[in-house]
Amino acid sequence: MKVIRCHVNYHNFHNGIKHLLELVNQVAPLNNSVLLLGETGTGKEVIANSIHFASPRKDGPFIKVNCGALPESLIDSELFGHEEGAFTGATSEKRGRFERANGGTIFLDEIGELPLQAQVRLLRVIQNREIK
């Protein structure tokens, strides 16, 4: 996994942007997960978009997920999908965000807002690149 730290440094803005673009160009052609770290408003989504559109996956979907906005009872269904009848109220099959991002990129924002058990399930999916 490649880690990119996003932060705003107004004193050395030009060199910071240049370095960030170099990192984007380094990771974009890879088939690796990328962890973007930074405070709210530092441009993580902009960087994720840049990586996606500079990558071989650029013609695939770019799926954005604000994990902090997902109701706890719907996290698994939203991320991983479900089959018809899997639980009360599941009247049809639903493709999860990971399945919809197949061939493209999924941007998971605010992962730290998820309950710890959901973070563990998410980590397994990211590490194994497989939804069970």
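Residue count for segment 102-132, restricted to those that are over 15 Å from residue 34 (Cα atoms) and in a loop (DSSP other than H, G, I, E, B): 7. Looking at segment 56-76, is at least one residue part of a loop (DSSP other than H, G, I, E, B), surrounded by 12 or more Cβ atoms within 10 Å (Cβ to Cβ), touching a Leu at 6+ places or on another chain (Cβ under 9 Å) and modelled with pLDDT under 95? No, there is no match, as no residue in segment 56-76 is part of a loop (DSSP other than H, G, I, E, B), surrounded by 12 or more Cβ atoms within 10 Å (Cβ to Cβ), touching a Leu at 6+ places or on another chain (Cβ under 9 Å) and modelled with pLDDT under 95. With respect to (1) more than 17 Å from residue 64 (Cβ to Cβ); (2) surrounded by 13 or more Cβ atoms within 10 Å (Cβ to Cβ); (3) aliphatic (A, V, I, L, M), the lone exception for residue 116 is condition (2).
Could you list, in sequence order, all residues of segment 78-101 that are modelled with pLDDT under 90 and either acidic (Asp, Glu) or within 30 Å of residue 39 (Cβ to Cβ) (or both)? Once the filter is applied, which keeps residues that are modelled with pLDDT under 90 and either acidic (Asp, Glu) or within 30 Å of residue 39 (Cβ to Cβ) (or both), segment 78-101 yields 83, 84, 93.
The values are calculated or read from the model by the stated rules, or taken from the named source; none is laboratory data. Please read all numbers here as calculations on a predicted model, not as lab measurements. Reconstructed Cβ throughout: ideal geometry from the backbone, glycine too, with neighbour counts over all protein chains shown.
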